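Written below as structure tokens is the structure these notes are about.
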Amino acid sequence: MLGKTAGGLYWMFRGLERAENNARLIEAGFRIALTRSTNTETEWKSVIVTSAAQRGFTAKHSEFNSTNVIDYLLRDTDNPSSVLSVVKQARDNARLVRTALTTEVWSAVNETWMLITELLKNPVPDTDLPEVLSIIRQQSALVRGALHGTMLRNDIYDFCRLGTFIERMDSTARIIDVKYYTLLPSPSLVGSRMDNVQWETLLRSVSAHRSYRWAVEEDYTATNIANFLVLDRRMPRSLAFCAGQIVENLDYLAEEYNDRRPSHDMADRLAARLKGRDIHSIIEEGLHDVLGTIISDVGALGAQIEKDYRFNY
Amino acid sequence: MTSQSQHFSEMMGQDSVRTPYVDYNAWFSRQDTARLSRKAQEAEAFFRRTGITFNVYGQADAEERLIPFDLVPRILTSAEWTKLSRGIDQRVRAVNAFLHDIYNRQEILRAGVVPIELIQNNDAFLPQMIGFTPPGDVYTHIVGTDIVCTGEGEFFVLEDNARTPSGVSYMLENRETMLQMFPELFSKIKVQPVSDYPKNLRRSLAACAPSSCEGRPTVAVLTPGIHNSAYYEHSFLADQMGVELVEGHDLRIVDGRIAMRTTQGHKVIDVIYRRIDDDFLDPLTFNPDSMLGVPGIMDVYRAGNITIANAPGTGVADDKAIYSYMPDIVEFYTGERAILKNVQTFRCSEADSLKYVLDNLADLVVKEVHGSGGYGMLVGPAASKQELADFAAKLKARPSNYIAQPTLSLSTVPIFTDAGLAPRHVDLRPFALVSPEGVNITPGGLTRVALKEGSLVVNSSQGGGTKDTWVLED
């Protein structure tokens, strides 16, 4: 396979994952804005910070309100991470790697691009927002379904999955990091209404408010939620799950190519950081510091994969 | 302009439905037009979803467009096709012989059949090709010959596209679409298949591999990238052939061979089907600003370590000034009269011709010698007084840049409209593959249709559409 093709597949699926994550972040933020009448600015600001768009946003807007934030994350083509930008980028990448995709996957991506470009042509009024966000997530699911259902399990598939999980791990780590203070045990607030709303938002932004109840079967507590999002391997957006998937897909590549590269060792180290850990010890070590290291390690791993498989040179 | 009745209708003939269309017409008359309209919309949605689109040059927003597809097929009898394909075969062989000669002994110039100025002053003539014979002695691996019809059995060659002819993906997709939409038609009417084209293309290219190739030749398609107007076709052909689609930056020279960067290191390529122009092929030899090509590829080529299809410098055989000599060229190399006729062509570089063209501009079609895609041409009968005057000025300024031809009475084939069938002008571009194994021509080709009533311009960039082209089984 061409190095460029591997890169196109990887970035295509990073883009699709990012579109979906943005839609979730907006949804969670929007919900808070609906349920609270005042002081939604902090909430919208944390949404922007989570999607790592603070610098670009503040260059254009002075106020963190719903109109500005939603438009910047959904439609602004100056924002390289807006849904419109990443869907276009994913579709451009899909065209670039067209020969590596089945017709089903290609059509799903192309259709997603056509549909979302049309949906986001004009600013989205609040009344339409839930539907637009749900379409974005549905389309992402459609592409993923086509990938699972029609693609050979070979190196092409592995690069798609690596893009998905690198992006997802980075995103989950950022979401937890921005909200980490709400997870810190603080005797005065535990069990208060304030905590509950914050925790539910956190879970919603990774679509886990319902699965938490099924999987954990306990009330919201800081440690339980942190454990669920960081270490629970049943949770498909948890850090441990993402790390496990990255290792697995890299192992398939090593097997197919009969060659281990530096990225394999980096991924193993990243996974080992989370394996067999206890959430209490992580919190003791400093959740924010641990997350900061993970975010930078994921970034470095992504760069090493690009290098090992000659995406660009 | 002239009334439609003056043009030859390939379906309706003089007074009754022509033979190749009898079965189709019988089927069509039983169809519910509302259903057909629905089918036409379905086809359009399918093309969009599949991404069978092209980008239009010179448009700021670079919007992707569909080439409109018309659901009425253009139908040729097996006998008509036999004559056409024999004529194309002859012409394609002559073009290859001409190119070999032009870059070697230049006997045709010495014999005075083609004037030397046409070669000397031709930008498409590449001195780098002099004295070099490409692998398998093939110059034009893929040729798209543009043909028009003006009456019963009256076919003319309009252009020999010997550089990088495009459109073959539409030929294939149009047939697929017809098979999807109207399977019952194909069980009633026996049409010669076109679906072998990608397989034949790969085989034909592999047969031209350089002698340095060991084992099964590695073929790749070289594209300028996703923003090129024909990118869809490039990826389609690579996909259908099962070969890599590469860009210049995927390639480099490794041990004197061209190699592509893969996830497992560099892999040698034997044959490159390039879809970029000569000028962009090698910044060390041609346009130094080109980012699309491969620095040094011409050295590798001249060392006999890569096959480039089509060969650099083939453009010298298909410009419109050379075109006017094609009947002589065919006769010179094959010793036979040309089977397919040329359209009468006035070379504006000649004083008498220029005078005639200026005097009769309103009746002529004037084209740039090196132009393509319908850009920069004048259709006299459709032009305003101002346009005629402007063009006359351009002609006087650079006469050798232009040729002129009479306005042909192009045949029509009906298209499907909401108001029923309506005649529109068409042309035909069959695709020929050339290798040391011979010339292979896919039955049919791409029929382009001018969708605007009365219009003679079929180019997709100028509002043309396409049709499926049927050659009937005997």
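Here are some notes:
- Residue in segment B:226-253 that is surrounded by the most Cβ atoms within 10 Å (Cβ to Cβ), counting only those that are more than 16 Å from A:Leu101 (Cβ to Cβ) and within 8 Å of chain A (Cβ to nearest Cβ): B:Val246
A quick yes/no check of all residues on (1) at pLDDT 95 or above; (2) open to solvent by 10 Å² or more (accessible area, probe 1.4 Å):
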position	(1), (2)
A:Gly3	yes, no
A:Arg14	yes, yes
A:Asn21	no, yes
A:Arg24	no, yes
A:Glu41	no, yes
A:Val49	no, yes
A:Phe64	no, yes
A:Ser81	no, yes
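- Candidate set: segment A:122-165, residues that are assigned to a loop (DSSP other than H, G, I, E, B) and within 22 Å of A:Leu25 (Cβ to Cβ); chosen: the one nearest to the other protein chains (Cβ to nearest Cβ): A:Asn122
- Hits in segment B:226-253 (condition: more than 19 Å from the chain's Cα centre (by Cα) and outside any strand (DSSP E or B)): B:Ile226, B:His227, B:Asp239, B:Gln240, B:Met241, B:Gly242, B:Val243, B:Glu247, B:Gly248, B:His249, B:Asp250
- Flag for B:Phe286 being at pLDDT below 95 and either open to solvent by less than 20 Å² (accessible area, probe 1.4 Å) or not aliphatic (A, V, I, L, M) (or both): yes
- The residue list B:Asp89, B:Asp101, B:Asp123 contains one member that is under 20 Å from B:Thr164 (Cα atoms) and surrounded by 14 or more Cβ atoms within 10 Å (Cβ to Cβ), which is B:Asp89.
- Residue within segment A:58-67 that is closer than 18 Å to A:Gly15 by Cα and assigned to a helix (DSSP H, G or I) present: no
- The one condition in (1) surrounded by 22 or more Cβ atoms within 10 Å (Cβ to Cβ); (2) within 30 Å of B:Glu80 (Cβ to Cβ) that B:Ser195 fails to fulfil: (1)
- Identity of the residue in segment A:131-177, acidic (Asp, Glu) and within 27 Å of A:Asn227 (Cβ to Cβ), that ends up surrounded by the fewest Cβ atoms within 10 Å (Cβ to Cβ): A:Asp177
- For segment B:396-412, filtered to residues that are touching a Phe, Trp or Tyr at 6+ places or on another chain (Cβ under 9 Å) and among the hydrophobic types (A, V, I, L, M, F, W, C), the residue that is most open to solvent (accessible area, probe 1.4 Å) is B:Leu408.
- Spans of strands (runs of 3 or more DSSP E) in segment B:254-358 with at least 3 residues more than 30 Å from B:Leu395 (Cα to Cα) and within 14 Å of chain A (Cβ to nearest Cβ): B:257-262, B:265-268
- Entirely in segment A:195-313, the helices (runs of 4 or more DSSP H) that have 3 or more residues that are over 18 Å from the mean Cα position of the chain (by Cα) and touching a residue at least 60 places away in the same chain (Cβ under 8 Å): A:239-257, A:279-308
- A:Val97 at negative phi, open to solvent by less than 60 Å² (accessible area, probe 1.4 Å), within 14 Å of another protein chain (Cβ to nearest Cβ) and of a type in the set (Val, Ile, Thr): yes
- Scanning segment A:1-31 for residues that are out of contact with any Lys or Arg (no Cβ under 9 Å at 6 or more places or on another chain) and over 22 Å from A:Ala108 (Cβ atoms) yields A:Leu25, A:Ile26, A:Gly29, A:Phe30.
- Residue count, segment A:100-115 (criterion: facing chain B (nearest Cβ under 10 Å) and assigned to a helix (DSSP H, G or I)): 10
- Residue that is most open to solvent (accessible area, probe 1.4 Å), among those in segment B:208-225 that are assigned to a loop (DSSP other than H, G, I, E, B) and either within 11 Å of chain A (Cβ to nearest Cβ) or among the hydroxyl-bearing types (Ser, Thr, Tyr) (or both): B:Ser211
- Within segment B:198-207, tally of residues that are open to solvent by 40 Å² or more (accessible area, probe 1.4 Å) and within 26 Å of A:Ser107 (Cβ to Cβ): 2
- Screening B:Met11 on (1) out of contact with any helix residue (DSSP H, G or I) (no Cβ under 6 Å at 6 or more places or on another chain); (2) surrounded by 14 or more Cβ atoms within 10 Å (Cβ to Cβ); (3) under 21 Å from B:Val191 (Cβ atoms) shows it passes everything except condition (1).
- From the list A:Tyr212, A:Tyr313, A:Tyr252, A:Tyr309, the one residue that fits, being over 21 Å from A:Ser46 (Cβ atoms), open to solvent by less than 40 Å² (accessible area, probe 1.4 Å) and not β-branched (Val, Ile, Thr), is A:Tyr309.
- When segment B:348-374 is limited to residues that are open to solvent by 50 Å² or more (accessible area, probe 1.4 Å) and among the charged types (D, E, K, R), the one that is modelled with the lowest pLDDT turns out to be B:Glu368.
- Flag for A:Phe30 being assigned to a loop (DSSP other than H, G, I, E, B), surrounded by fewer than 23 Cβ atoms within 10 Å (Cβ to Cβ) and more than 14 Å from chain B (Cβ to nearest Cβ): no
- If the condition is being of a type outside the set (D, E, K, R) and either crowded, with 19+ Cβ neighbours inside 10 Å or within 21 Å of B:Arg337 (Cβ to Cβ) (or both), then segment B:104-119 contributes B:Ile108, B:Ala111, B:Gly112, B:Val113, B:Val114, B:Leu118.
- Check on B:Thr177, closer than 24 Å to B:Met11 by Cα and either among the β-branched types (Val, Ile, Thr) or in a strand (DSSP E or B) (or both): yes
- Selection within segment B:128-164 - in a loop (DSSP other than H, G, I, E, B) and open to solvent by less than 10 Å² (accessible area, probe 1.4 Å): B:Pro134, B:Val138, B:Tyr139, B:Thr140, B:His141, B:Ala162
- Selection from segment B:92-118 of residues that are polar (S, T, N, Q) and in a helix (DSSP H, G or I): B:Asn96
- Only one of B:Gly131, B:Gly167, B:Gly153 that is of a type in the set (Gly, Ala, Ser), closer than 22 Å to B:Asp282 by Cβ and touching a residue at least 24 places away in the same chain (Cβ under 8 Å): B:Gly131
The values are calculated or read from the model by the stated rules, or taken from the named source; none is laboratory data. It should be emphasised that the depicted structure is a prediction, and the values quoted were computed from it without experimental measurement. Positions of Cβ are generated from backbone atoms using ideal geometry, with glycine treated the same way; all protein chains shown enter the neighbour counts. Accessible surface areas use protein heavy atoms only, side chains included; no ligands, DNA or RNA. Shrake-Rupley method; radii C 1.70, N 1.55, O 1.52, S 1.80 Å.
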